Amino acid sequence: MIRPGPYICAEWDWGGFPGWFHSINPTPKPRSSDPTYLQLVERWWDNLLPKFVPLLYDNGGPIIMVQIENEFGSYGDDKAYLHHLVILARDHLGHDVILYTTDGGVRENLEKGSIRGDAVFSAVDFSTGDDPWPIFNLQKEFNAPGKSPPLSAEFYTGWLTHWGEKIATTDADFTAAALENILRKNGSAVLYMAHGGTNFGFYNGANTGVDEADYKPDLTSYDYDAPIRESGDVDNSKFNAIRRVIARYSSVPLPSVPPNNEKARYGPIHLQRKAFLFDTFDFTNSTNVFESETPMPMEYVGQLFGFVLYITEYRAKRGGRILFIPKLHDRAQVFISCPSEEDGATPTYVGTIERWLNNKLSLPDVKCHSNINLFILVENMGRVNYGAYIFDRKGILSSVYLDGEKVKGWKMFPIPLHNLNEMPTYNPITQASYSAFSEIRSSRKKLTYKHENTSKEPAFYSGHFSIDKSSQVMDTFISFSNWGKGIVFVNDFNIGRYWPLRGPQCNLYVPAPILKQGDNFLVILELESPDPELVVHTVSEPDFTCGSSGMSLHQL
């Protein structure tokens, strides 16, 4: 069952839509009959759908169904859009393939998101604890008579987790019993997830609660408490319980169970600080800078993922100033400096602003004979992938206020940290980090820092570890238990974000194919508080016990 988009959700950044949509002005309205949006969908499907044709069931292949939209009834009500997708799909795939939609198993969602009749099959999804059969009976109303086999297109074997929550788990026997309640009456179910995964790079999605500001970014791990775990392991109670149920309703014997993947510990990795983030910018002579009276979204400066640095200046004032950013997506660390002081080039950390708190920040009273420089480092923590607020441009999206007055005159510096689908370009930051002998040349004079290993200023760290034999190249995890918040590259592969201070994820999964015999290199951008010992540990198990014990579990 293929889900080719244009929207798939999947807790993926913006549900699979590309971030460059947001750089188009005016921006197309996604998931609608907007002609500009439909042209982009046509361009995508013109390339993608022909690849499916030899793989369709009627051509001897494995594809039995193709989805045209995913849970559209939870978002919009545009039948012309859905019918247009059907026409596009039929043009490429013919009239024999089964097209389908999936919607939550309530009448309102099915009314908005499905096409009645036999042109498109209407599938449903619902919570694992729900009684499936009243929902399957409702499903029949939206399919042609005699053509509504009961199908849960997403049977939830677990659930997702956001930063700051306890890791989501579901009981193995409860999950298996819910599946059996479908299968024993000849219903069908797609296990979501059968295999958990990992939000490598910057590709994690996010959800919202009561409003757009109630923002909840997803973990790097997408283990999902699935029967096949993030690392591919199957030796667990949920896998065995679900397998027993499937075996009872399978017409053929099930294949044997493979062993868990082998894991390795490669010992501690000692790191060196290679450069403070601000040392990597030439603020006076940069060609990669954007200037405007008001802050620009990160997509407008060509930075779709990661970070953008916003810089302006303001007059000192006795008693300090109050900084307020009404619309910040998603998290900002704020620094100030006084250029007229001897060490004025050193930005000093003054606080953090987070979208979900919408907090104001007090800037300290600084005696300065010139204007004070204000640095705002903004992180895109993942675009919203579900619900009414999926239009989720990143960066500073409003005016910035000091004591209620708008601040004008901004410079924006993109920070070129590559994502998974981007070829690494030459980057002096990471190139210097990978070299054991090079020193990055600072664009400001070298300064003496107190408490160097615990500075609040973001910095790059690098280290390496060796694997002697090819047979020793195995999956591993890297523990960041004593670190703050940041991102990690292993052999130039972006393995994702860590944030043990918020939790619950302590360790990041590193699959064996990323590693190699010989030297393996690690580069970390630590945003807040490096381990004082500057060491990380390779371990053989995941760990979801970090963060506050008072965390709550949120569900969609």
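The values are calculated or read from the model by the stated rules, or taken from the named source; none is laboratory data. Computed from a predicted structure; not experimentally measured. Don't worry about glycine lacking a Cβ; one is built from the backbone with ideal geometry, like all the others, and counts go over all protein chains shown. Only protein heavy atoms, including side chains, enter the accessible area calculation; ligands, DNA and RNA are left aside. Shrake-Rupley method; radii C 1.70, N 1.55, O 1.52, S 1.80 Å.
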key: Inter-residue pairs, beta-carbon under 6 Å, first open to solvent by 10 Å² or more (accessible area, probe 1.4 Å) and in region 392-416, second of a type in the set (F, W, Y), 6+ apart   = Y401/F324
query = Among the residues of region 273-332, which ones are more than 20 Å from the chain's Cα centre (by Cα), among the acidic types (D, E) and either outside any loop (DSSP other than H, G, I, E, B) or at pLDDT 95 or above (or both)?
reply = D279, E291, E293, E313
inquiry  = Quick check on Y426: is it modelled with pLDDT of 95 or more and among the aromatic types (F, W, Y)?
reply    = no
ask   = Which of the residues spanning region 195-213 are open to solvent by 40 Å² or more (accessible area, probe 1.4 Å) and at pLDDT 95 or above?
value = H195
inquiry  = Which numbered condition in (1) surrounded by fewer than 17 Cβ atoms within 10 Å (Cβ to Cβ); (2) part of a helix (DSSP H, G or I) is the only one that L82 fails?
reply    = (1)
query = Pick from P54, P26, P30, P4: which is free of Cβ contacts under 8 Å to residues at least 12 places away in the same chain and part of a loop (DSSP other than H, G, I, E, B)?
reply = P26
request  = Residues being surrounded by 19 or more Cβ atoms within 10 Å (Cβ to Cβ) and either aromatic (F, W, Y) or under 30 Å from R355 (Cβ atoms) (or both): count how many of those fall in region 216-263.
outcome  = 13
query = In region 347-391, how many are without any contact (Cβ under 8 Å) to a residue 40 or more places away in the chain, in contact with a Ser or Thr (Cβ under 8 Å, 6 or more places away or on another chain), assigned to a loop (DSSP other than H, G, I, E, B) and open to solvent by less than 60 Å² (accessible area, probe 1.4 Å)?
reply = 1
task = Inspect region 131-138 for any residue being exposed (fewer than 14 other Cβ atoms within 10 Å of the Cβ), out of contact with any strand residue (DSSP E or B) (no Cβ under 7 Å at 6 or more places or on another chain), of a type in the set (S, T, N, Q) and on the phi > 0 side of the Ramachandran plot and give the result as yes or no.
result = no
query = Going through region 78-112 one residue at a time, which ones are closer than 30 Å to D130 by Cα and charged (D, E, K, R)?
reply = D78, K79, D103, R107, E108, E111, K112
ask   = Quick one: which of P258, P227, P217, P253 is without any contact (Cβ under 8 Å) to a residue 40 or more places away in the chain and within 25 Å of F477 (Cα to Cα)?
value = P258
message = On the basis of being within 16 Å of E69 (Cα to Cα) and not hydrophobic (A, V, I, L, M, F, W, C), does G113 make the cut?
response = yes
